[in-house]
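The values are calculated or read from the model by the stated rules, or taken from the named source; none is laboratory data. Please read all numbers here as calculations on a predicted model, not as lab measurements. Positions of Cβ are backbone-derived with ideal geometry, glycine not excepted, and every protein chain shown enters the neighbour counts.
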Amino acid sequence: MSDVMTGPVISEQPVPKAKPRQVHELWRRVWKERWIYALFLPGFAYFIIFKYWPMWGVIMAFENYQPFQGVLDSQWVGLENFQRFFSDPAFWQLFRNTFILAVYNIVFFFPCTIIVALLLNELRLRWFKSAVQTLIYIPHFFSWTVVVGITYMLLTTQGGLVNELLKMVGLHQVNFLENSAWFRPLIVIQDIWKETGWGTIIFLAALAGVNVELYEAARIDGANRLQQLWHVTLPAIRGVIIVMFILRLGSFLDVGFEQIWLMLNAMNRDVGEVFDTYVYTLGLQ
Amino acid sequence: MVNERTFAGRAFDAANIVLLTLVSLATLLPFVYVVVASFSATDDIIPKSFTLSAYRYLFSTDTFVRSLGISIYITVVGTVLSLVATALSAYALSHRKLPGRRFFLLLVLFTMLFNGGMIPTYFVVKDLGMINTLWSLMIPGLISSFYLIIMKNFFLEIPEDLKEAARIDGCTELGVLFRVVLPLSLPVLAAFGLLYAVGIWNQYFNAILYINDQTKWPIQVLLQQIVVLASGGFGNAAGSADAVQVFGQGVRMAVIVVSTIPILIVYPFLQKHFAKGMLIGSVKG
């Protein structure tokens with residue numbers, strides 16, 4: 001009863017001989033853990049139905065999809081849909097809008113998290129540090145509807161705080177919300193307001209691990225605080241910064257749907273429409 | 001970094017404190033303004049004479065009370081469902097001897113990188129008959145792959161000896177889960193419960209995607225209708241702007257405040273856990 005294949009295999013005969021026992025063994029182990037599988041069943045069903053089944057729907061992209069015919073019976077058209085989309089002038093506008101917002105996000109938002117983390121790290125008053133942290137983490141938990149709601153309440157021309165102040169000092173009112181020029185800055189400012197605090201967490205964790213002796217050595221060499229920051233702290237967290245940057249690039253075109261959708265209106269659609277909102281408008285509305 | 005009593009060092013500290021105070025104020029003030037203005041009797045930009053009339057009005061309308069009820073309902077039920085499904089799956093995946101464990105883990109990890117996208121997911125939800133039901137706000141986001149992996153890592157840290165001892169004493173696998181693992185994980189379960197609750201309470205996108213029936217809108221959608229559409233004029237999402245044009249500033253501010261209150265209530269509890277939770281995830285992913 002050799003259950004391991006010995007010598008060069010010429011025919012397939014040894015395999016069926018060995019298999020039943022292995023299968024039996026595996027089955028015995030599986031059966032022993034049946035309750036564990038039962039526990040995983042709801043989760044497994046969820047992942048198959050809501051995560052993997054939709055992936056199958058991607059086939060629609062290669063079809064002339066008709067809802068009443070379903071994915072399987074719709075006519076196969078190959079790359080025709082892609083050709084149409086790429087030659088559509090709307091594509092380049094969407095691409096540009098998405099791309100610019102993504103670049104703005106990296107150029108303006110990303111450095112903010114690093115700078116605030118560095119400032120927090122330099123604080124010596126413990127209570128002040130935790131107070132600031134407590135405050136700036138809060139907006140992360142606000143929904144985009146609330147953030148956009150606050151933006152509207154502050155900026156609307158119908159009695160919004162900023163415009164009333166502009167009027168008081170004798171300036172013209174600015175219609176921030178229905179204005180192409182203000183759309184991108186507002187999106188970036190909202191991003192910074194909502195997520196900067198939260199974004200500092202990972203950098204603060206990295207900063208906590210910097211070797212204190214390095215600072216002592218730098219001080220003995222006559223470095224002042226700014227020089228210590230530049231020559232010790234920043235190089236020490238360079239690795240984390242690079243990793244976070246790469247992760248951010250990974251979700252580069254993933255500009256938030258909710259935020260942009262809520263800020264979008266007829267007057268700023270030319271700069272505000274991105275892939276996600278276009279898909280929603282075209283596909284489902 | 002300590003014992004720098006030089007003038008430059010102190011100037012650095014002072015500048016740092018001033019800067020971070022400004023950052024904190026910039027985070028805090030927009031929201032505080034909205035809260036204060038919601039209690040103002042007039043629509044002037046300088047709030048004066050305290051009144052509850054905006055809130056009294058809101059709670060006298062059916063639409064608002066119904067939306068609030070729906071949001072509370074889906075948050076409570078959805079959080080329980082999510083937490084149970086996640087904990088059961090995490091426990092199964094933390095079972096080292098489970099045949100096929102690696103495959104299941106890959107199945108979960110894969111969904112963190114790839115998904116079927118908005119339209120195919122919509123069709124799945126539609127095929128399941130969930131459109132216009134409150135299930136569509138709880139089930140499609142039942143398990144977060146990220147939370148699942150973090151929870152699995154936490155379960156892995158519970159000493160195997162403890163579970164083994166329970167098994168020797170005659171515990172079944174379910175017994176081990178309910179009598180050993182879960183009691184030891186209560187803080188983690190609480191933290192993820194809160195994170196799920198915040199996520200469900202804040203969801204807007206799923207609601208506009210899956211719910212067309214205005215009587216089933218959660219509060220975030222109502223907030224958008226009242227605040228954004230009423231201020232804008234050129235509305236975006238479904239619904240008629242005319243119907244909500246009548247609301248004054250105070251009422252709009254009050255809607256924002258009411259929809260953030262649950263977040264502010266759970267925030268102190270969240271804050272205790274999330275930084276740690278996030279770091280567990282980022283270190284061990």
For the stretch B:84-101, how many residues meet the condition of being touching a Phe, Trp or Tyr at 6+ places or on another chain (Cβ under 6 Å) and more than 9 Å from chain A (Cβ to nearest Cβ)? 1
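Please find, among B:Leu109, B:Leu128, the residue that is at pLDDT below 95, in the same structural domain as B:Leu148 (by TED's automatic domain parsing) and over 30 Å from A:Gln22 (Cβ atoms). Spell out how you get there, then give the answer.
Details: B:Leu109 fails: over 30 Å from A:Gln22 (Cβ atoms).
Of B:Leu109, B:Leu128, the one residue that is at pLDDT below 95, in the same structural domain as B:Leu148 (by TED's automatic domain parsing) and over 30 Å from A:Gln22 (Cβ atoms) is B:Leu128.
Would you list the helices (runs of 4 or more DSSP H) that sit entirely within the stretch B:139-220 and hold 2 or more residues that are of a type in the set (A, V, I, L, M, F, W, C), within 15 Å of the chain's Cα centre (by Cα) and closer than 24 Å to B:Val258 by Cβ? Step through it out loud before you land on a result.
Numbers: elements: B:145-157, B:160-168, B:173-176, B:186-202, B:205-210.
In the stretch B:139-220, the matching helices (runs of 4 or more DSSP H) lie at B:186-202, B:205-210.
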Just checking, does the stretch A:106-121 include any residue being assigned by TED's automatic domain parsing to the domain that holds A:Glu258, more than 29 Å from A:Arg184 (Cβ to Cβ) and crowded, with 20+ Cβ neighbours inside 10 Å? yes
Looking at A:Leu207, A:Leu229, A:Leu186, A:Leu234 in this structure, which one is in a helix (DSSP H, G or I), within 12 Å of chain B (Cβ to nearest Cβ) and more than 21 Å from B:Gln271 (Cα to Cα)? A:Leu229
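Conditions (1) touching a residue at least 24 places away in the same chain (Cβ under 8 Å); (2) under 19 Å from A:Leu101 (Cβ atoms); (3) at the interface with chain B (Cβ under 10 Å from one of its Cβ atoms), marked per residue:
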{"residue": "A:Arg248", "(1), (2), (3)": "yes, yes, no"}
{"residue": "A:Val255", "(1), (2), (3)": "yes, yes, no"}
{"residue": "A:Leu262", "(1), (2), (3)": "yes, yes, yes"}
{"residue": "A:Arg269", "(1), (2), (3)": "no, yes, yes"}
{"residue": "A:Glu273", "(1), (2), (3)": "yes, yes, no"}
{"residue": "A:Thr277", "(1), (2), (3)": "no, yes, yes"}
{"residue": "A:Gly283", "(1), (2), (3)": "no, no, yes"}
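Give the number of residues within the stretch A:122-136 that are in a helix (DSSP H, G or I), within 8 Å of another protein chain (Cβ to nearest Cβ) and surrounded by fewer than 16 Cβ atoms within 10 Å (Cβ to Cβ).
Kept after step one, since they are in a helix (DSSP H, G or I), are these residues of the stretch A:122-136: A:122, A:126-136.
Checking which are within 8 Å of another protein chain (Cβ to nearest Cβ) leaves us with A:122, A:128, A:131-132, A:134-136.
Restricting the remaining residues to those that are surrounded by fewer than 16 Cβ atoms within 10 Å (Cβ to Cβ) gives A:131, A:134.
Of the residues in that region, 2 qualify.
On the given criteria, is A:Phe91 surrounded by 13 or more Cβ atoms within 10 Å (Cβ to Cβ) and either of a type in the set (Val, Ile, Thr) or more than 14 Å from every other protein chain (Cβ to nearest Cβ) (or both)? Spell out how you get there, then give the answer.
Numbers: surrounded by 13 or more Cβ atoms within 10 Å (Cβ to Cβ): yes; either of a type in the set (Val, Ile, Thr) or more than 14 Å from every other protein chain (Cβ to nearest Cβ) (or both): yes.
Criteria met by A:Phe91.
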Test A:Phe50 against the stated conditions and say whether it is free of Cβ contacts under 8 Å to residues at least 60 places away in the same chain and not assigned by TED's automatic domain parsing to the domain that holds A:Asp254. yes
Residues being assigned to a helix (DSSP H, G or I), more than 9 Å from chain A (Cβ to nearest Cβ) and in contact with a helix residue (DSSP H, G or I) (Cβ under 8 Å, 6 or more places away or on another chain): count how many of those fall in the stretch B:102-137. 6
